[in-house]
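Enquirer: Let me give you the structure first, and then I'll get to my questions.
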Amino acid sequence: MRDEKQRKPLPEHGVYTVFVELPPDTKLEFLLPLGDKRPIQDFLNKNKNIEKALKSVKPLGIRPLDEKSKIGAHNKPVVFLHPKDCGRVLVELEQE
């Protein structure tokens, strides 16, 4: 696994971006808000409750693996989304 840990600011989008490359040809992009008044931060502020977030993805046809969140590795509520509904990627949502 090749890990590019360099955080790159993209002011035109209001984010920092970090890419992690996985073999053979997969890239994961992580976004971090550049400040409090950015669209991504607004989205995060609106979605602080994992149970509400879970309810909001169900109408989109995204199934959770469990109906309720569980306490994850960081002692915070987590829920996993079904890989078949997320482009064959197991997505974990973690409440702050």
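Enquirer: Mind checking which lysines have their C-alpha under 25 Å from Lys37, skipping anything on the same chain fewer than 8 residues away?
Expert: Reachable lysines: Lys5, Lys8, Lys46, Lys48, Lys52.
Enquirer: Which shape class, rounded, prolate or oblate, goes with segment 17-63 when its Cα gyration tensor gives a ≥ b ≥ c as root eigenvalues, a/c under 1.5 marks rounded, and past that a/b bigger than b/c marks prolate?
Expert: Oblate is the answer for segment 17-63, as a/c is 1.5 or above yet b/c matches or exceeds a/b.
Enquirer: Then there is this: Could you compute how fast the chain diffuses translationally, taking Rh as the Kirkwood radius over C-alpha pairs and applying Stokes-Einstein at 4 °C with viscosity 1.567 mPa s? Give it in µm² per second.
Expert: Answer from the Stokes-Einstein relation: 86 µm²/s.
Enquirer: Kindly provide the pair-distance distribution of segment 49-96 built from C-alpha pairs, with 5 Å bins from 0 and whole-percent values in order of increasing distance.
Expert: Computed distribution, short to long bins: 5, 25, 33, 24, 12, 2.
Enquirer: Expressed as a rounded percentage, what relative contact order does the chain have, with Cα pairs under 8 Å and six or more residues apart?
Expert: It comes to 16 percent, rounded to a whole number.
Enquirer: Take the Cβ-Cβ distance between Leu10 and Ala73 as r, set R0 to 41 Å, and report the resulting FRET efficiency rounded to the nearest 0.05.
Expert: Once the sixth-power term is evaluated, E becomes 0.90.
Enquirer: May I ask you to list the aspartates and glutamates whose Cα is less than 19 Å away from that of Lys58, ignoring any residue fewer than eight positions away on the same chain?
Expert: Within the straight-line limit of under 19 Å, Lys58 reaches these aspartates and glutamates: Asp66, Glu67, Asp85, Glu92, Glu94.
Enquirer: Distance in nm between label sites at Lys52 and Phe30, each 7 Å beyond Cα in the beta-carbon direction?
Expert: 2.5
No value in this document is a laboratory result; all are computed from the given coordinates. No experiment lies behind these values; they were computed from the predicted model shown. FYI the Cβ positions are ideal-geometry reconstructions off the backbone, even for glycines, and counts take in every protein chain you see.
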